[in-house]
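Comments concern the structure below.
The values are calculated or read from the model by the stated rules, or taken from the named source; none is laboratory data. Note that the coordinates shown come from a computational prediction; the quantities given were computed from them, not determined experimentally. Neighbour counts run over all protein chains shown; Cβ positions are idealised from the backbone, glycine included. The area values use the complete protein model at the heavy-atom level, side chains included, leaving out ligands, DNA and RNA. Shrake-Rupley method; radii C 1.70, N 1.55, O 1.52, S 1.80 Å.
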Amino acid sequence: MKEKRRRGKPKFPKILFAVFACTLFMLLVSFTVVTPLNNDDTYPPSPSDNISTKAGIELGRKLFNDNLLSNGNTISCATCHKREFGFADTVQFHKGETGMPQPRNTMPLLNLAWNDHFFWEGRVATLEEQVLHPIRNSGEMNQDIKALCNELKNEPEYLLLFQKTFGSSNIDSVQIAKALSQFVRSLYSFRSPMDSIMQQAKKTYSKQQVKNTGKPFSAILQANPEPLKAALRNRGYNFSKNTISAFVTCMQCHDREMNGDKPAIKSNGMATIRKDKGLQGITGLSSDEGKFKVPSLRNIMLTRPYMHDGRMKTIDDVLEYYNHNISGYPNLDSLLLKDGRPIDFNLSEHELEEMKTLLNMFTDRHFVTNANN
Ligand code: HEC
Ligand code: HEC
């Protein structure tokens, strides 16, 4: 808004003018703060104490990409979480600011607004808490939050953005966490070819049918994969029965948030190495050894190497593992057991290629090229 300053005699007393100006300013500020983004099914939900706004996401995006967040101003969140690789990266263990490699592979960031457990074993329950971990962690950004707040207060652009977002530029860790979380929640991937295929398959079941069973969509799909096959045929793909049957098994664990479920923490049977016991590290229970958060298959062709420790270099390594080599590790999930033994999908070379074609359909080009992410 353009502000015109009157140099001459004011038409009404100064005090009235000041009250009027103050009220106008507060109205404007409260308008920016309380204007939430469309909080319906088509947009990621946000918690009531940190409703996403355009200004908040913009501030979060700036923080996410700013080296200022690290102690020596050398790395940002985006150094490890790269948009072009689905907000993951392509090294096994990325180095933190001090040059120490991370103990785990960088996780991709997408559709986290629907998650309530973060990190590979799901040890943190809110994004607001999660986003401060990498800043403070000595192996990552190694930063003192108070020092960071002071650095940000010296930047006029940040002062403005914090003011615009929170109605106050009293920059503190809570505001930083809220803004970063708003940005991370805005990373919403829903435009892969697999999305439209699944949507089409879903339409084939009547709503009543889905409701009556009370089962997640993935289970309905496994019981009757015909609508999925039909949707694929519509696009010119005629995959073998074996491939489809293996694929719907994958979908019992992966990308459950596509159908309104939270990601599970399970074991796919891989033996734990490097002393990383997964969920057991938190609960102490031997029944939780080797359980990790099931990652999304979205953009999976862009995020190698694979698994929590990046032990598998290529998607072929992963498929070879699932196809013939699932180990009977004690906590292997029952979905990968058949007659008490690890499943052998027994896919032929040709079927493995078909599986790769299916995995390719999870690449959301819009998501990885959108400069607004
Ligand atoms: C040095 C590389 C590195 C940097 C810098 C980094 N991350 Fe990460 N990020 C990781 C790794 C590795 C994990 C998995 C860690 C674990 O499970 O213990 C992870 C996990 C996450 C997760 C959990 C995702 C999920 O699905 O549960 C979020 C969210 C996240 N990072 C956000 C951020 C934000 C925000 C920043 C900047 C403030 C940041 N990261 C900086 C490497 C990094
Ligand atoms: C019982 C649940 C379950 C089933 C079924 C399952 N997975 Fe997984 N998958 C997991 C878990 C858990 C992980 C993470 C393991 C880890 O990091 O230690 C994982 C990891 C992966 C990864 C690596 C992801 C990443 O970001 O590093 C890929 C790729 C993958 N699975 C593909 C498949 C395919 C293809 C199938 C079907 C043939 C399948 N999965 C079936 C649970 C499952």
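All alpha carbon pair distances within the chain were sorted into 20 Å bins beginning at 0; the resulting P(r) in whole percents reads 25, 51, 19, 5, 0. For the stretch 187-319, what % of the accessible area comes from carbon and sulfur atoms, probe 1.4 Å? In the stretch 187-319, the share of accessible area belonging to carbon and sulfur is 50 percent. The charge dipole of the chain, taken about its Cα centre with unit charges on the Cβ of Lys, Arg, Asp and Glu (plus for the first two, minus for the last two), comes to roughly 1740 debye. Ordering 43-51, 278-286 by mean Cβ neighbour count within 10 Å, with the highest value first, yields 278-286, 43-51. Here, the stretch 54-185 has an Rg and a Dmax of 14.1, 41 Å when only alpha carbons are counted.
With Cα atoms defining each centre, the stretch 79-157 and the stretch 246-289 are spaced 21 Å apart in the structure.
Take the stretch 236-373, compute every pairwise Cα distance, and split them into 10 Å bins from 0; I just need the percent in each bin. Taking every Cα pair in the stretch 236-373, the percentages come to 11, 38, 37, 12, 2. Each label was represented as a point 7 Å from its Cα along the Cα-to-Cβ direction; for residue 238 and residue 274 these points are 4.5 nm apart. With respect to the chain, whose longest principal axis is taken over its alpha-carbon atoms, helix 315-324 is tilted by about 40°.
Per residue, the chain exposes 54 Å² of solvent-accessible protein surface, assessed with a 1.4 angstrom probe and all protein chains in place. The DSSP beta bridges internal to the chain are antiparallel in roughly 90% of cases.
Taking the protein heavy atoms of the stretch 54-185 in the context of the full set of protein chains, the accessible area attributed to carbon and sulfur is 52 percent at 1.4 Å.
Measuring nothing but how far apart in sequence close Cα pairs (under 8 Å, 6+ apart) lie, relative to its length, the chain scores a relative contact order of 18 percent. For residue 287 and residue 261, the difference between the fully extended length at 0.36 nm per residue and the C-alpha to C-alpha distance is 7.1 nm. Which entries in 241/338; 203/291; 54/203 show an alpha-carbon gap greater than 29 Å? Cα-Cα > 29 Å for 203/291; 54/203; rest within.
From the square roots a ≥ b ≥ c of the eigenvalues of the alpha-carbon gyration tensor of the stretch 241-287, which class results: rounded (a/c under 1.5), prolate (a/b over b/c), or oblate?
Numbers: a/c = 3.65, a/b = 1.75, b/c = 2.08.
Oblate shape, in that a/c is at least 1.5 and b/c is the bigger or equal ratio.
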